[in-house]
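Below you'll find the structure, written out as structure tokens, and then a few comments.
The values are calculated or read from the model by the stated rules, or taken from the named source; none is laboratory data. Here the structure is a predicted model, which is why all the values come from computation and not from measurement. Every residue, glycine among them, receives a Cβ derived from its backbone with ideal geometry; neighbour counts consider all protein chains shown.
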Amino acid sequence: MTAPTPGDPRPRTRGSRTAAWKRHDTRAAYLFILPWILGFLIFTLGPVIASFVLSFTNYDGIGVTQHVGLANYEQIFDDPSVAKSMTNTLVFTALRVPLQMVIALALAMLLLRVGRAAGFFRTVFYLPVMTPAVAVGVLFLMLFNGNVGVVNKALEAVGITGPSWTTDGPWIKPGLVLISLWAVGSTVVIHFAALRNVPQDLYEAAELDGANRWHRFRHVTLPQISGALFFTLVVNTIASLQTFTEAYTAFYGTGQAQSYTSDDALFYVVYLFQQAFQFMHMGYASALAWLLFLVIVVITLVQFRLGKRFVYYEGDER
């Protein structure tokens, strides 16, 4: 305890000085996160509230806003393009997410076997993630062109006649799924980190019990990395449901969509973008956005409900 200063009716204790420093640190912490708070309120929460309000209006971005109640939501059920675009998005997600996770896990397990070179290959796998999505869309047209594309040329070299990836409706979504695997590196990094944290003594114990390689993978590896698998499942599902840039750049941004009429490249967010910025139906586009939000919430809740049965966490007594 320090000596009280003259005129101070109460001596200052160590506890009071500590409390003062804590208040000072708290104010400093809030000052540092203030830019993020402002950014969240202005650029995230504000637009979310605005879109919810606009979803009950007829607004073109310029004229007077007219309140229409639930008319925009009722129109969704009468719009065949909504069903088509949502079906395309769900099919794309069902194809992309499992394939991406399996390939990412396979690559991550290969990284475990390369020893010191793992850091180099991990960087190589991740670098394509930095490629702008617009460039990936253009790359799709170059690689998957039915006549001069690299993919079909490679298939032709082994005696296989490749399909028209960019014009044949049934092959458009598989082609976009394949090009989306270009950015599998972020999932690889997460799976690789999870694999490195699996205790080696579990493998040794399983091997002593006579477990072969498949049994060790099924009963040791998968349960131990199930948390990372569940995380990448949820994140990749949400990202796939919001896919936009690659499809829009490859087809609608270049006029490629005019060469066929089946709208197989019309994903939900592409249609939402058209309604908002091409037809200036801001109110209807806001209603479409909230429908997508509800779909994502429902799918995510189902994943979490099922995840309780399959995901193992350290310290779990099940």
Failed condition for Gln66, given (1) among the polar types (S, T, N, Q); (2) farther than 16 Å from Phe293 by Cα; (3) touching a residue at least 24 places away in the same chain (Cβ under 8 Å): (3)
With the requirement that a residue be modelled with pLDDT of 95 or more and of a type in the set (Val, Ile, Thr), what does the range 283-318 give you? Val295, Ile296, Val297, Val298, Ile299, Thr300, Val302
Restricting attention to the range 264-306, report how many residues are more than 16 Å from Lys84 (Cβ to Cβ) and not in a helix (DSSP H, G or I). 3
For Thr261, work out the one condition from (1) assigned to a helix (DSSP H, G or I); (2) surrounded by fewer than 22 Cβ atoms within 10 Å (Cβ to Cβ); (3) at pLDDT below 90 it doesn't fulfil. (1)
Can you tell me which residues in the range 225-236 are buried (at least 19 other Cβ atoms within 10 Å of the Cβ) and not aliphatic (A, V, I, L, M)? Phe230, Thr232, Asn236
Matching residues in the range 153-185 - criterion: being aromatic (Phe, Trp, Tyr) and not in a helix (DSSP H, G or I): Trp165
Residue set Thr44, Thr5; condition at pLDDT below 95, exposed (fewer than 11 other Cβ atoms within 10 Å of the Cβ) and under 21 Å from the mean Cα position of the chain (by Cα); output residue Thr44
Just wondering, is there one or more residues in the range 196-213 that are surrounded by 12 or more Cβ atoms within 10 Å (Cβ to Cβ), out of contact with any Asp or Glu (no Cβ under 7 Å at 6 or more places or on another chain) and touching a residue at least 40 places away in the same chain (Cβ under 8 Å)? yes
With respect to Lys22, determine if the residue is part of a helix (DSSP H, G or I) and not assigned by TED's automatic domain parsing to the domain that holds Ile238. yes
On the basis of being more than 27 Å from the chain's Cα centre (by Cα) and either over 21 Å from Val124 (Cβ atoms) or surrounded by 13 or more Cβ atoms within 10 Å (Cβ to Cβ) (or both), does Thr166 make the cut? no
